[in-house]
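No value in this document is a laboratory result; all are computed from the given coordinates. As the structure is a prediction and not an experimental result, all values here were calculated from the model. Cβ placement follows ideal geometry from the backbone for every residue including glycine, while neighbour counts extend to all protein chains displayed.
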Amino acid sequence: MAIRRRIVSAWISTVISLSLVLLLVGVGTLMLVNARAVSDYFKENMQVSVLLKEQVNEEEALKYQDRVAALPGVRSTHFVSREQGVEEMARMLGQDFLDVFETAPVPISIDVNLEAAYVSSDSLAVIKSILAESPLVEEVVYQTSLVDALNANLQKISLGLAILVALLLFISFVLIANTIRLEVFSRRFTIHTMHLVGATKGYIRAPFVGRAALQGLFAALFAILLLVGGLFVLRDEFAQLFQIFQLDSLLLTMGVMALSGVGICVISTYIVVGRMVGYNRDKLYAY
């Protein structure tokens, strides 16, 4: 009875330990599969400001806005009147900033948001030249450094997340392999006896592999519940970020967690039991 309690306790502790590791794997996978979506989100929210000449009136500016909205790659446009521009500058620089000017220095402008595929140095240079061709335009402004940083860091972030997920999977494999080794070691003489009476490796492995698959499945389900619960808790705090995440990416993450849990348990058990079956009696007693 005491032995049975120890086995159950070890089984539960292994499930919990593996669940926590799989939870980290799930978080890393979710970030990895959504890395492109997050990058696209920031790119599509980056604005290109088209500053119009001082003599341009609102009617001309609105007509020009319609032409800009029809350009390829333009996702949306926003008209900023002189009054709105003055209000924004007042919020940033203070209410008295206009006192040093005889007339309001803020021109009419149009904020342009591009599709993510067009937010690159080359594409922005082409779009800037097209926008600047109009005689109504004084200047086209955007943050070049931000664009270059987004494009340069996307691959680095994806690679770092992939390495993190692989490292966590390796830790999971080592953790389960050591746990299974202890369980199999406690039954090494039974395995050896079965091998002596003619039982094949596959026959001996089968019950161990079956229990390991069940163990991995329970651990994965528990980790998935923790992940989904955590996402619900954080949803209100990061509402905009959660708009990026899609259902298929969450389902993919759950699938990776389930396959990782079952696969790691089954593979490590298969290897450990196979080695134990090959031990002779002298080697068994040497432990």
Contour minus end-to-end for PHE79 and ILE16, with contour as 0.36 nm per residue of separation and end-to-end as the Cα-Cα distance?
17.2 nm
With Cβ to Cβ distances under 15 Å as the rule, what net charge do the other residues near VAL33 carry (K, R +1; D, E -1)?
-1
List every residue whose amide H lies under 5 Å from the amide H of GLU54, counting only residues 5 or more places away in sequence or on a different chain, with H placed 1.01 Å from N in the peptide plane.
none
Straight-line reach from LYS53: which lysines fall under 19 Å, measuring Cα to Cα and dropping same-chain residues less than 8 apart?
LYS63, LYS128
For the pair ARG275 and ASN153, how long in nm is the line joining their label points, each one 7 Å along Cα→Cβ?
4.2
Among the lysines, which have Cα under 20 Å from the Cα of LYS156 when same-chain residues fewer than 8 positions away are ignored?
LYS43
Spelling it out for ARG75: with amide H atoms placed in the peptide plane at 1.01 Å from N, the residues 5 or more places away or on another chain with amide H under 5 Å from its amide H are ASN113, LEU114, GLU115
